[in-house]
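Before any comments, here is the structure.
The values are calculated or read from the model by the stated rules, or taken from the named source; none is laboratory data. Because the structure is a prediction, the values reported are computed rather than measured. Here the Cβ is made from the backbone with ideal geometry for all residues, glycine too, and neighbour counts use every protein chain on show. The protein model used for the area step is the full one, side chains on, heavy atoms only, and it has no ligands, DNA or RNA in it. Shrake-Rupley method; radii C 1.70, N 1.55, O 1.52, S 1.80 Å.
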Amino acid sequence: MSDVTQLIHDYLRHNKKFPHVFCAGCGHGIVLGSLIRSVHALGLSKDDVALVAGIGCSGRIAAYVDFNTVHTTHGRALTFATGIKMANPQLKVITVMGDGDAFSIGGNHLIHAARKNIGVTVLVLNNFIYGMTGGQCSSTTPLGAVSQTSPYGQLEKSFDIVKLTSAAGANGVSRGTVFHVNTLDRLIREAIMRPGFNLVEILTPCHTQYGRKNKFKSAVDMYKWLRSNAIPVEKYEKLKPEEREERIPIGTFVQNDAPGLEELYAQVRTAQCAKERKQ
Amino acid sequence: MANAPKRKRTEIFALGNEAVVEGALFAGCSFYAGYPITPSSEVMEIMAARLPRTENGVFIQMEDEIASMGAVIGGSLAGRKAMTATSGPGFSLMQENLGYACMAEVPLVIVNVMRGGPSTGLPTSPAQGDVQQARWGTHGDHPIIVLSAADVPECLEMTITAFNFAEKYRTPVILLLDEITAHTREKITLPHEKDYEIFNRLVPSMPPEWYKPFEETVRGVPPMPPIGSGYRFHVTGLTHDDMGFPTQRPDEVKAIIERLHRKIDQFFYDIQLTQEYDTDDAEIVVIAYGSVARSAQLAVSQARAAGVKAGLLKLKTLFPFPKAPVVTLARKARAIIVPEMNMGQISREVKRVNNGLTRVRTLNRIDGQIITPSQILKAIQQV
Ligand SMILES: Cc1ncc(C[n+]2csc(CCOP(=O)(O)OP(=O)(O)O)c2C)c(N)n1
Ligand code: SF4
């Protein structure tokens, strides 16, 4: 059996009704693969991982993989994840959310979870659009891009996920793409192992709802676009401002090792319980 | 006096909100997530102080009530007895996730100390305006358990009951209090181990590969393991099959919704808690809940002293609506009076089950003031 087949047998749910819901060419499946490889490479058991997903195409990932999986309400995955992590800090809690999920409806939870530095790994599958509901614009849709709700071009500026999350206080912030899979595997592994709140923004194509309306003739064109525009942040920083246009830096932007909220809380509790016993 | 042992005493002078905390901790609550709002905030403040002093206690203040409900669901899925407390506006924000908890069968307790409404309304005045919101606030067809308490000792008792029902029936339970009960100080006796039976959720004992998280069982309540214990399964708010995977197959859809209803319906006798005072020969029956029931109790005894055969049915469970005792009394009584601090949210239920048996009179107050015994007495004398 090839390694890939072996991994599929080990991690995908045998009793789940396949085929999956993703369109041909969708990047979400690549993220799922990368997540499984990362967990496997880290030697974690399937019981160690709680995978918490939001609502959207990205949220459906949770149903296929044999972890403890929770498919929550739209935008609220991080609140469920916070509860799980506080209740059982031993678990590696990973959330999977779309850009709409994480930064539109769930934006408030995201900045607060980052500020609190709760020990959760966050994968944001940024496809610049609402996939599941049929291609309405998102808070990451680029200026001028056409969508079902910006038929004459998006007029609103989009969030820079990396900058926003860094400013909110996350321990770890990085960006990868589904084209640069080896880098992505590494970024996810590092995010899972670092303490506190860690977010990986993952650029992933949605040809069905975004690509074909916005100058990409095929899904392959979107992968080519990722290949030619994404560059390591170290190289990006050496570019002159005019060379940076259209270029997307990928890699690690923030890495701290401050203890997560659950650890700080446990310390306070241990101290208080000790006092209690003395009384 | 200065050195009197603080922790040994079993009687304390407590706020209703404080009694809620005592009840919750006694019932085994070890997880609280919330967002402050008058008149419920003391529950949260006391939890913030108490939980870190217990072995596994978790307290977290979230950014809003939507987040609080999400965290409480997460805490419960991870195996904790979990709760939150709020008031009207916060309760509204919790509704989507409350529906999730119904659908995914997540045990938890929500305390709603009602304030006047709609909207931010009257933050510090008593009202009972959230009765129907508690029943129907979230979307779709689902059963729900809603309890109330009339005084401070009952705040303690009904909080324990709320946790017991949540765990026994794998469902969210709402405890509706009003501002008077929550902010009254009365003597309560802290319970001893044997005073109340405490229920814990059923956990599976079969090998993990045999476990079906949403399986049909005799009681209709499938066992529920904590996340991370070796039973890996999928939890979703989507309509799901017995393994928890989304389904749109009509037979599977019907089966799960029916089971959700049946697991509560089957146990009406266990869930519908009421108390009767002087009802044996009552010609006029007052039906009340919350602090209004206290006014009603005094009014009924005053009426008796004046020679009127009055009685009181106090509702401790509001939903599923305690139909049987209401119907029994309606058959015998000349009239029923339903006083409440809203425009008639429980009287609707009374009229529904009364269905022409006797006369139902409502007595409503929505000006942020309490319903006094003399008001109720007057109504008794008028019918
Ligand atoms: C409260 C609420 N509002 C709206 C929706 C409808 N809805 C479902 S998925 C979605 C957007 C999905 O987009 P995104 O999060 O970017 O994920 P993608 O499908 O692109 O992976 C919306 C608006 C919902 N399920 N719940
Ligand atoms: S609509 Fe877009 S995001 Fe959803 S499965 Fe299809 S390609 Fe993927």
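Structure notes:
- Among the numbered conditions (1) within 16 Å of ligand 1 (Cβ to nearest atom); (2) over 30 Å from residue B:139 (Cβ atoms), the only one that residue A:48 does not meet is (1).
- Any chance residue B:92 is open to solvent by 30 Å² or more (accessible area, probe 1.4 Å), under 23 Å from residue B:347 (Cα atoms) and modelled with pLDDT of 95 or more: yes
- Selected residue [away from chain A (no Cβ under 14 Å), open to solvent by 20 Å² or more (accessible area, probe 1.4 Å) and not polar (S, T, N, Q)] from B:249, B:262: B:262
- Matching strands (runs of 3 or more DSSP E) fully within the stretch A:41-119 where at least 2 residues are facing another protein chain (nearest Cβ under 9 Å): A:49-53, A:68-71
- Residues of the stretch B:338-362 classified as more than 23 Å from the chain's Cα centre (by Cα) and among the hydrophobic types (A, V, I, L, M, F, W, C), total: 2
- For the stretch A:76-104, taking the residues that are surrounded by fewer than 24 Cβ atoms within 10 Å (Cβ to Cβ) and touching a Ser or Thr at 6+ places or on another chain (Cβ under 9 Å), the one that is nearest to residue A:136 (Cα to Cα) is identified as A:104.
- Considered as a group, the residues in the stretch A:58-69 that are out of contact with any helix residue (DSSP H, G or I) (no Cβ under 6 Å at 6 or more places or on another chain) and not small (Gly, Ala, Ser) include one that is farthest from ligand 1 (Cβ to nearest atom), and that residue is A:68.
- When A:124, A:120 are checked against the criterion of being buried (at least 24 other Cβ atoms within 10 Å of the Cβ) and within 16 Å of ligand 2 (Cβ to nearest atom), a single residue qualifies: A:124.
- Whichever residue in the stretch A:202-218 is more than 10 Å from ligand 2 (Cβ to nearest atom) and part of a loop (DSSP other than H, G, I, E, B) and, among such residues, is most open to solvent (accessible area, probe 1.4 Å): A:217
- Counted residues, the stretch A:120-131 - those being away from chain B (no Cβ under 13 Å), in a strand (DSSP E or B) and not polar (S, T, N, Q): 5
- For residue A:129, the test of being crowded, with 22+ Cβ neighbours inside 10 Å and within 30 Å of residue A:41 (Cα to Cα) is failed.
- Members of the stretch A:132-157 found to be open to solvent by 10 Å² or more (accessible area, probe 1.4 Å) and within 17 Å of the chain's Cα centre (by Cα), listed by number: A:132, A:139
- Qualifying residue in the stretch A:2-21 (condition: of a type in the set (Phe, Trp, Tyr), more than 24 Å from residue A:193 (Cβ to Cβ) and open to solvent by less than 70 Å² (accessible area, probe 1.4 Å)): no
- Residue check for residue A:178: touching a residue at least 24 places away in the same chain (Cβ under 8 Å), more than 18 Å from the chain's Cα centre (by Cα) and within 16 Å of ligand 2 (Cβ to nearest atom): no
- Boolean, residue A:244 is within 16 Å of ligand 1 (Cβ to nearest atom), over 21 Å from residue A:49 (Cβ atoms) and free of Cβ contacts under 8 Å to residues at least 40 places away in the same chain: no
- With respect to (1) in contact (Cβ under 8 Å) with a residue 12 or more places away in the chain; (2) within 16 Å of ligand 1 (Cβ to nearest atom), the lone exception for residue A:116 is condition (2).
- Condition check for residue B:330 on (1) in contact with a Leu (Cβ under 6 Å, 6 or more places away or on another chain); (2) within 23 Å of residue B:135 (Cα to Cα): one failure, at (2).
- Selected residue [away from ligand 2 (no atom under 16 Å from the Cβ) and aliphatic (A, V, I, L, M)] from A:70, A:31, A:96, A:21: A:70
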